Amino acid sequence: MLFGLACGQVMSFCFPTEYTMHVERKECAYCLTINTTICAGYCMTRDINGKLFLPKYALSQDVCTYKDFMYKTVEIPGCPRHVTPYFSYPVAVSCNCGKCNTDYSDC
């Protein structure tokens, strides 16, 4: 049983993945293409039959989410003086399977 639990975490395919996003502001003259990393992949989950008898917090499933991340900031070119030209975005350093934190993730 312990081997199965350990193997389940090793066999999860949750890791930083390259992602391209496009950022634009109506007031600025250019659209910016940003290459970053996000957490993506598959996490082992189980759906049990006794859902009616368990509290709601026990039913949440693990998702591929950020373990460590940092923010980078870029400047969008061609913005007028009254518009803030800076855009910050997260960069995944490492990922894990766990509960989704809605403070910094879209679940």
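With respect to the numbered conditions (1) part of a loop (DSSP other than H, G, I, E, B); (2) closer than 26 Å to residue 92 by Cβ; (3) modelled with pLDDT of 90 or more, which one is the sole condition not fulfilled by residue 34?
The number of the failed condition is (1).
Exactly one of (1) open to solvent by less than 50 Å² (accessible area, probe 1.4 Å); (2) at pLDDT below 80 is unmet by residue 76. Its number?
The single condition residue 76 does not satisfy is (2).
Taking the condition of being more than 23 Å from residue 45 (Cα to Cα), free of Cβ contacts under 8 Å to residues at least 60 places away in the same chain and open to solvent by 30 Å² or more (accessible area, probe 1.4 Å), how many residues in region 79-105 meet it?
Selection size over region 79-105: 8.
The values are calculated or read from the model by the stated rules, or taken from the named source; none is laboratory data. Small disclaimer: the values here were computed from a predicted structure and weren't measured. Positions of Cβ are backbone-derived with ideal geometry, glycine not excepted, and every protein chain shown enters the neighbour counts. Heads up: the accessible areas ignore ligands, DNA and RNA and are worked out on the full protein's heavy atoms, side chains in. Shrake-Rupley method; radii C 1.70, N 1.55, O 1.52, S 1.80 Å.
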